[in-house]
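Peer 1: One structure is given below, represented as structure tokens, and several questions about it will come after.
What follows is calculated from the coordinates using simple rules that are stated; it is not laboratory data. What you see is a predicted model, and the numbers here were worked out from it, not measured in a lab. Virtual Cβ from ideal backbone geometry, glycine too; neighbours counted across all protein chains shown.
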Amino acid sequence: MPRLETAHFGTLDYDEQALIEFPAGLPAFDQERLFLPYEQGCSKPFLFLQSLARPDLVFVTLPVELVDPAYRLTLSPEDLALLGLEESSPLRLGQEILCLVIVTLREDRPPTANLMSPVVVNLANRRAAQVIQTETGYSHQHSLAGSAQEAPC
Amino acid sequence: MLIIRRRVSEAILIGDEVEIQVMDLSPGRVKLGILAPKHVTILRKEVKLTAEQNRAASQVAPLEGLIREMRGRGMEVMAIYQRLRDAKYRVVFLGAYNVGKSTLINAYLGDEYLPRVLEECTTKITHVLRGDAMSATLR
């Protein structure tokens with residue numbers, strides 16, 4: 001089983017099937033393609049995306065439905081192609097795709113979630129993309145004060 | 001902010017090197033053509049905001065705090081679990097002879113730990129404790 005040295009979680013044994021790949025990288029992290037989704041028993045519902053190439057790079061994410069149960073995800077034909085999804089195929093959260101929002105933690109302010117640019121994962125081929133939502137007006141700094149942070153352990 | 005009205009196919013110039021032309025209009029949308037030298041970065045603003053937000057989200061210092069807090073809470077849960085596991089709570093069954101105290105306790109424990117006979121049997125106060133093996137002590 002391959003091993004991964006990380007800056008925050010120590011050494012992780014992982015299954016290569018569990019990796020997700022961003023064929024286009026993420027804005028500001030264009031070179032980072034492979035990430036290991038990782039959760040600690042007590043960190044739920046947070047899901048960490050640990051970079052495979054950079055031990056110090058990790059994103060803290062939450063399933064979008066926990067932040068906004070009525071979230072409307074729009075995928076353009078380009079997004080669908082990048083993820084290897086068919087326009088006609090059903091896209092259900094947790095079934096065919098995952099939709100995660102990246103959380104920004106600050107020492108001095110409440111955490112925020114980037115609802116403007118969710119990470120979408122095609123669970124069938126484990127391809128992922130950060131999909132910028134231009135039409136729906138979601139904030140890139142949606143405040144999480146008092147909601148997800150107090151999620152039960 | 002400078003505001004300029006333009007029609008389709010008209011253009012504006014920014015400095016000597018950048019030209020922006022209005023290519024097409026549709027309700028709520030405009031298509032722009034941009035001519036600029038290679039060294040000029042052109043980004044949709046949302047991409048720049050996303051890049052900045054990703055950089056902020058990748059800052060590790062607060063994450064350390066979050067993980068510490070989670071570890072701390074994990075320890076709390078473990079402590080509560082251990083307290084519950086190790087503590088002894090006394091539950092008392094009181095009743096007249098032969099009303100079924102032993103039967104009830106046996107049913108709770110899932111086995112015939114206490115003898116049940118029609119005569120007076122466990123007439124003394126009987127303590128039932130959890131242990132590694134079956135044993136009985138007379139005092």
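Peer 1: Less than 15 Å Cβ to Cβ from A:ALA28, Lys/Arg counted +1 and Asp/Glu -1: what total charge do the surrounding residues give?
Peer 2: With Lys, Arg at +1 and Asp, Glu at -1, the neighbours total +1.
Peer 1: Modelled label-to-label distance, A:GLU107 and A:ALA81, 7 Å Cα→beta-carbon offset: nm?
Peer 2: Modelled inter-label distance: 4.6 nm.
Peer 1: Same structure again: Between A:GLN31 and A:SER143, with labels modelled 7 Å along Cα→Cβ, what's the label distance in nm to one decimal, could you check?
Peer 2: 3.8
Peer 1: Lysines near B:LYS48 by alpha-carbon distance under 27 Å, same-chain residues fewer than 8 away left out - which ones?
Peer 2: Correct list for B:LYS48: B:LYS31, B:LYS38.
Peer 1: When Cβ neighbours within 10 Å are restricted to other protein chains, what is their mean count per residue of peptide A:3-13?
Peer 2: Per-residue shielding by partner chains comes out at 1.
Peer 1: Tell me which lysines have Cα within less than 18 Å of B:LYS124's Cα, excluding those fewer than 8 residues away on the same chain?
Peer 2: B:LYS101
Peer 1: With label points built 7 Å along Cα→Cβ from the Cα atoms of B:GLN21 and A:ARG72, find their separation and express it in nm.
Peer 2: Taking the two extended label points, one gets 3.5 nm.
Peer 1: Further, regarding this structure: Within region A:1-41, whose backbone N sits under 14 Å from a point 7 Å along Cα→Cβ of A:ASP56?
Peer 2: Once the point is set 7 Å along Cα→Cβ of A:ASP56, A:6-8 turn out to lie under 14 Å by backbone N, inside region A:1-41.
Peer 1: So, one more: Using a Gaussian network model of chain A with C-alpha springs under 10 Å, which one of A:ALA129, A:ALA53, A:ALA81 is most mobile by mean-square fluctuation?
Peer 2: Highest fluctuation of the listed residues: A:ALA81.
Peer 1: Another one. Looking only at other chains, what is the average number of their beta-carbon atoms within 10 angstrom of each beta-carbon in B:41-49?
Peer 2: Mean shielding by partner chains, rounded to a whole number: 3.
Peer 1: Please give the average number of partner chain Cβ atoms lying within 10 Å of the Cβ of each residue in B:101-110, rounded to a whole number.
Peer 2: 0
Peer 1: Which shape class applies to chain A: rounded if a/c is under 1.5, otherwise prolate when a/b exceeds b/c and oblate if not, where a ≥ b ≥ c are the square roots of the Cα gyration tensor eigenvalues?
Peer 2: oblate
Peer 1: For region A:55-95, what does the alpha-carbon gyration tensor say about shape, rounded, prolate or oblate, given a ≥ b ≥ c as the root eigenvalues, a/c under 1.5 as rounded, and a/b over b/c as prolate?
Peer 2: oblate
Peer 1: Starting from region A:1-64, pick out the GluC sites (Glu not before Pro) whose DSSP state is loop and whose Cβ has at most 15 other Cβ atoms within 10 Å.
Peer 2: A:GLU39
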